[in-house]
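Here is the structure we will look at.
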C-alpha cells in the first residue's frame, strides 16, 4: 500500500544548495515546503506567521543561532506543536544527538550517510512515527 499523504515541512539550513536541493526533492514528492536559511527565520515563520508544519527539518550547525538553540526556542515558545523535529546534519556524534534528543528532537539523519531520496523517505517515516500512524 502506498502512502500518498502530503506533509507541510519547514526546512532550515544555511546552505543554499542544500535548501534548494531538498526543497525540490520534497516538492516533487508532493509535499509543501517552506525553506529558510537561518534558525531566526524559522522562528519568525513559526511564531509571527503562525506556520504549523508536520515537521521541522534542520541543521545543527548554523551561524548565529544553531540547531540546539532553535530546539530550545521551539520548546520555550511552544511552537510547531505536534511536529516532528528532525535533525539533518553531519553532526553525528553521540553527544550531539543525545543533546538534540534531550531538547525535543524526534529524529535525526546524518547528511553524509543518505542521498536525497533516502532523506525524503526517512523524513516521511519519522513524521508517520511521530503521528503514531
| query | Across region 86-104, what is the total count of residues that are under 21 Å from residue 23 (Cα atoms) and either within 11 Å of the chain's Cα centre (by Cα) or not in a loop (DSSP other than H, G, I, E, B) (or both)? | reply | 4
| Are any of the residues in region 60-79 under 14 Å from the mean Cα position of the chain (by Cα) and touching a residue at least 60 places away in the same chain (Cβ under 8 Å)? | no
| query | Can you tell me how many residues in region 25-61 are under 22 Å from residue 116 (Cβ atoms) and in a loop (DSSP other than H, G, I, E, B)? | reply | 10
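In the set 72, 81, 6, 64, which member is on the phi > 0 side of the Ramachandran plot and not in a strand (DSSP E or B)? Talk me through it step by step, then tell me what you get.
Details: 72 fails: on the phi > 0 side of the Ramachandran plot; 81 fails: on the phi > 0 side of the Ramachandran plot; 6 fails: on the phi > 0 side of the Ramachandran plot.
One residue alone meets the criteria, 64.
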| remark: Per the list (1) closer than 17 Å to residue 123 by Cα; (2) surrounded by fewer than 20 Cβ atoms within 10 Å (Cβ to Cβ); (3) free of Cβ contacts under 8 Å to residues at least 40 places away in the same chain; (4) touching a strand residue (DSSP E or B) at 6+ places or on another chain (Cβ under 9 Å), residue check on residue 8 breaks on (3)
| field | Some residue of region 107-129 being touching a residue at least 12 places away in the same chain (Cβ under 8 Å), in contact with a helix residue (DSSP H, G or I) (Cβ under 6 Å, 6 or more places away or on another chain), part of a loop (DSSP other than H, G, I, E, B) and crowded, with 17+ Cβ neighbours inside 10 Å | value | no
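The rows are residues; the columns are (1) touching a strand residue (DSSP E or B) at 6+ places or on another chain (Cβ under 7 Å); (2) closer than 16 Å to residue 9 by Cβ.
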{"site": "29", "(1), (2)": "no, yes"}
{"site": "37", "(1), (2)": "no, yes"}
{"site": "47", "(1), (2)": "no, no"}
{"site": "56", "(1), (2)": "yes, yes"}
{"site": "66", "(1), (2)": "no, no"}
| query | Of everything in region 29-54 that's touching a helix residue (DSSP H, G or I) at 6+ places or on another chain (Cβ under 9 Å) and closer than 14 Å to residue 124 by Cα, which residue is surrounded by the fewest Cβ atoms within 10 Å (Cβ to Cβ)? | reply | 32
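No value in this document is a laboratory result; all are computed from the given coordinates. Here the structure is a predicted model, which is why all the values come from computation and not from measurement. Ideal geometry is used to build each Cβ from the backbone, glycine not excepted, and the neighbour counts take in all protein chains shown.
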